[in-house]
Structure formats: C-alpha cells, structure tokens
C-alpha cells in the first residue's frame, strides 16, 4: 500500500549571481533540477559534502529563500501560494540555531506554541513534558542566552516537537550534543515518528545516525541528487565486506584463498579477505571444514560512510 506524499520537490533550482562580465552575468548553481518526495511517516536523510546544497534546500523548504525555478508542494498544495496554512503544520530545529537570548527557556517555548494556537493548558503540559525528557526542566526559568550549545539544541528540539507538526525539518540535530544525549535523541525521534506518524527530513554528517534512523537517503553533490536509496543499499553499492584474520597457519589459509580465487591482502600477520556480505557465513564454514584455526577474527561490513567517501572523492 502506497503512502501519502506529504512533500514533493520538482525541478528545484537555485542560482546565485557571482559577477558580471562582458559576456553577461555569471551565476553559481546551488541546486540543479532537484526532484524528490517525502512520504507520510518516513524519515528521509539528506547527505552531502560542504557546499553540496543542503542548507539552501532547507532554507527553500522553510521559505527563507525563494528558488530560481521549480516547485515545492506540501500536502498537495503549492508552498509559495499557501505558505501561511502550510507552515502551521511544519516545524524546524537545527543544531546551530539560536534562541532570543533575553527570554527564558519557558518563554521561548510558550510564545512559539502560542503562534500555533495551542491552548495554555496544553502548552504548559507539553513544555514540562519535553523539557523533562530533554533534561532541561531545571533550566526552564533560565534566560536562553546563558545556555550552552548542547542545551540550546535540546530546547530547539523541544520547540520542534511541541506543536505536534506533520513534518519536521531537522538540520544537524545532534551536532553539538554529547554522544549519550545524541543517542537518546535518536531514540526519541524514532519513537515520535512511529507514535505520531510524523514525516522527518534530516541533514547530518553522522553516518551512523543516518543509518540508524533514516528509511531512505538523498545524497547531494554540487547541487544535484546523485543517489536516492536506503542506507544499506548505498553501502552495498560501493564496498564488499572484509574479514580480518590472524591464522595459526598463514600458508594454509593463503593456499585456500588462492585456489578459490578469493581476493586478499597480507599485513604483519593479518590476512584481510574481501567477500560479499551474503557469502560471509559460507566462507567461515569453508574455513572450519579445512580446520583453519586463528587467534583473531573481525568482520567489517560495508557502511554508509564507505559510500559517502566514494562520492566525495569521485571527481566530476
């Protein structure tokens, strides 16, 4: 059963003027014919090296920037025609955003929730609920200007979820958080996505994070989408799994590898073997049948980071 498309981007372009020459104005293409859709209840990751166009995309999806051409549709309606009503159902958080410094944490959240027409009781209940979850309840009456970067990020995340949006845009949401807090945030995002059927578009440089929470990934490079697939499929597209072994009898193992034409390399007693992921179990059984003993073995499966690095290093 197909899911509802809640966001559709069609032929989106953003050009910036660079300078004028005798041949006319030169432009820089930040986004070039970008097309994708976000489905109801889906978490869609957006990856790309610095300068790929991620920030420009987010700013257009929030109507902070106007595109040069192309369409953005939320819930089947043109964003730029129905901006006010659409923005009531969208929220945003960033690991780099700031809050009005002289307002307290509670005031920041309360004013924001009022803009969405949420009743006072619901505002009070939600503010307490989310601040307690994010470990910020004891700072509710503190001015936002004295918060650390990590504390500010947690308030921004509370702000994003407090209005019960249909879609949330998250820009590097865990960039300034300690690993333990970032882990809790990822669990929280997954729980809210399941419980409330929220659709989330998230940018991140944390490959493990994207692999853990995203159903699908878009990869931007030089303003263009160069990949649109699941994290696992992208990982498998560029790298085979590696098995690292320190055998008791290196010559016997190498002989087996050579006879079976299996690719391997040697380094200070370590034998590194390349195999397809679905062949790992069979390969290990093959070693057992030939009574190959070893003092160390480690299996390294291909990762999204392997794919990302291949994209970054690939020349145009």
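Observations on the model:
- A Förster distance of 51 Å, applied to the separation of the beta-carbon atoms of residue 312 and residue 125, puts the FRET efficiency at 0.65.
- Spacing of the modelled spin labels on residue 63 and residue 266, each 7 Å from Cα toward Cβ, amounts to 6.7 nm.
- Prolate/oblate/rounded call for region 95-215, Cα gyration tensor, a/c under 1.5 rounded: oblate
- Of 163, 56, 85, the one that fluctuates the most in a GNM where the chain has Cα springs shorter than 10 Å: 85
- Highest-MSF residue in the chain out of 236, 304, 44 [GNM, Cα springs under 10 Å]: 236
- Residue 212/residue 293 FRET efficiency (R0 35 Å; Cβ-Cβ; nearest 0.05): 0.45
- Three-way shape label, region 42-110, alpha-carbon gyration tensor, a/c 1.5: oblate
- Ranked packing of 218-231, 239-252, most packed first, by mean Cβ within 10 Å: 218-231, 239-252
- Beta bridges by DSSP in the chain, antiparallel share as percent, to the nearest 5: 70 percent
- Mean separation of Cα pairs under 8 Å and 6 or more residues apart, divided by the residue count, gives region 160-316 a relative contact order of 23 percent.
- Region 48-123 and region 266-293: distance between their alpha carbon centers, rounded to Å: 51 Å
- Cα gyration tensor shape of region 1-153, rounded if a/c is under 1.5, else prolate or oblate by comparing a/b with b/c: prolate
- One entry in (i) 9; (ii) 34; (iii) 15 is percent of Cα pairs over 36 Å apart calculated from the shown coordinates; its label is (ii).
- Take the Cα radius of gyration of region 241-313 and divide it by 2.2 N^0.38 Å, N being the number of residues; the result is 1.18.
- Spatial offset of region 157-210 relative to region 234-252 amounts to 35 Å, using the alpha carbon center of each.
- Within the chain, helix-based [θ] at 222 nm, where runs of 4 or more DSSP H residues each add -39,500 (n - 2.57), nearest 500: -10500 deg cm²/dmol
- Residues considered: 238, 254, 34. Largest GNM mean-square fluctuation over the chain, using C-alpha springs under 10 Å, is found at 254.
Values in this text are rule-based calculations from the coordinates and carry no lab data. Here the structure is a predicted model, which is why all the values come from computation and not from measurement. So basically every Cβ, Gly included, is an ideal-geometry build from the backbone, and we count neighbours across all protein chains shown.
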